[in-house]
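Q: I am attaching a structure below and will ask some questions about it afterwards.
The values are calculated or read from the model by the stated rules, or taken from the named source; none is laboratory data. Please read these numbers as outputs of a predicted model, since none were measured by experiment. Here the Cβ positions follow ideal geometry from the backbone for every residue, glycine too, while neighbour counts run over all protein chains shown. For the accessible areas, the whole protein counts, side chains as well, though only heavy atoms, and no ligand, DNA or RNA atoms are used. Shrake-Rupley method; radii C 1.70, N 1.55, O 1.52, S 1.80 Å.
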Amino acid sequence: MTTINFFTFFGKYPVSVIKKFGEFGIFVYKSFFHIFSPPFQFKKIINEIQFIGTKSIFVICLTGSFTGMVLALQGYYTLVSFGSVGMLGSAVALTIIRELGPALTAIMIVARAGSAITAEIGIMRNSEQIDALDTMDINPIRFLVSPKMAASLISFPILTAIFDCIGILGGLLVGSGLLDLNAGIYFYRLEKSVVMADVTLGFVKSIVFAIIVTSICSYHGYYTHLQKNGFGAKGVSLSTTRAVVQSAVLILIADYVITSIML
């Protein structure tokens, strides 16, 4: 009897994990499928682009500018010891375009919009609004999640491009304004070092991060009622915390995986 209880206890966890992965995979598939199935929800997608994309521009510009300035400051005092100060433009641009731009953009969007997505859908679940949609024969995933997924796939690459440009200009501001580096040399090295493959790598990452952020945040909100302590305000807060933490961790993991494959 003890042996049976032992295997029962340790068998429940892998089965529950497999079940969660299956639920999540089906959830993501349905979210994608309904983007391309008529009738198309252009108005809702535009509204979500405004929320996820437009309203994130300020925080993206602020983060990008200071990221570029810090990279330029640190890079200058590292390169000056090797007599390679002229390579500062290359160092700042490649670091931002390949790595920091997509990753920090995604993390900032998780903090600003991802948490709100989880809370919004979680409150709708706990207040039975999602059940009401089911009762009216309206697919909740199509109505709530698919427009957010489509908006994220559009917004993330654009915001990443804005972050990259602002970060490079922030590096130039510190390099030429504070450290007396020639602006022409900065842009010359940047132009010679950055190739289309670097830009493509950044955009591929941004698209993958868009899928990760939207699917995880929406999933935790949608299934708030099935989690432990999933009812009420506490349940929504726990779901939001899990969504933000898991999104940030998976962004970093996916960043490494994509870099190891594409470099």
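Q: Is there any pair linking a residue in the stretch 220-247 that is under 26 Å from Met108 (Cα atoms) to one that is at pLDDT 85 or above and acidic (Asp, Glu), with Cβ under 7 Å and at least six apart or on different chains, and which?
A: These pairs meet every condition: Gly221/Glu120.
Q: State yes or no: is Lys205 farther than 24 Å from His34 by Cβ and assigned to a helix (DSSP H, G or I)?
A: So Lys205 fits the description; yes.
Q: Take the conditions buried (at least 24 other Cβ atoms within 10 Å of the Cβ), part of a helix (DSSP H, G or I) and of a type outside the set (Lys, Arg) and apply them to Ile121. Does it pass?
A: Judged against the criteria, Ile121 is a match.
Q: If I ask for residues that are outside any helix (DSSP H, G or I) and either surrounded by fewer than 10 Cβ atoms within 10 Å (Cβ to Cβ) or among the β-branched types (Val, Ile, Thr) (or both), which ones from the stretch 14-46 would you list?
A: Phe36, Pro38, Pro39
Q: Inspect all residues belonging to the stretch 228-246 and state whether any of them is at pLDDT 90 or above, closer than 29 Å to Met69 by Cα, aliphatic (A, V, I, L, M) and open to solvent by 10 Å² or more (accessible area, probe 1.4 Å).
A: yes
Q: Residue by residue through the stretch 64-88, note down the ones that are crowded, with 20+ Cβ neighbours inside 10 Å and closer than 15 Å to Cys165 by Cα.
A: Gly64, Thr67, Gly68, Met69, Leu71, Ala72
Q: Counting only residues that are open to solvent by 70 Å² or more (accessible area, probe 1.4 Å) and more than 22 Å from Phe40 (Cβ to Cβ), how many does the stretch 127-148 have?
A: Of the residues in that region, 3 qualify.
Q: Return a yes/no flag: does the stretch 172-181 have any residue that is among the β-branched types (Val, Ile, Thr) and under 12 Å from the mean Cα position of the chain (by Cα).
A: Among the residues of the stretch 172-181, not one is among the β-branched types (Val, Ile, Thr) and under 12 Å from the mean Cα position of the chain (by Cα), which makes the answer no.
Q: Sort out which residues of the stretch 176-213 are open to solvent by 40 Å² or more (accessible area, probe 1.4 Å), modelled with pLDDT under 90 and among the hydroxyl-bearing types (Ser, Thr, Tyr), and write them in order of number.
A: Ser176, Tyr188 - these are the residues of the stretch 176-213 that are open to solvent by 40 Å² or more (accessible area, probe 1.4 Å), modelled with pLDDT under 90 and among the hydroxyl-bearing types (Ser, Thr, Tyr).
Q: Please tell me if Leu159 is open to solvent by 40 Å² or more (accessible area, probe 1.4 Å) and either part of a helix (DSSP H, G or I) or closer than 25 Å to Asn47 by Cβ (or both).
A: Judged against the criteria, Leu159 is not a match.
Q: Within the set of pairs 6 or more residues apart or between chains, which connect a residue that is at pLDDT 90 or above inside the stretch 61-90 to a residue that is of a type in the set (Asp, Glu) with Cβ atoms less than 8 Å apart?
A: So the pair list comes out as Gly64/Asp164.
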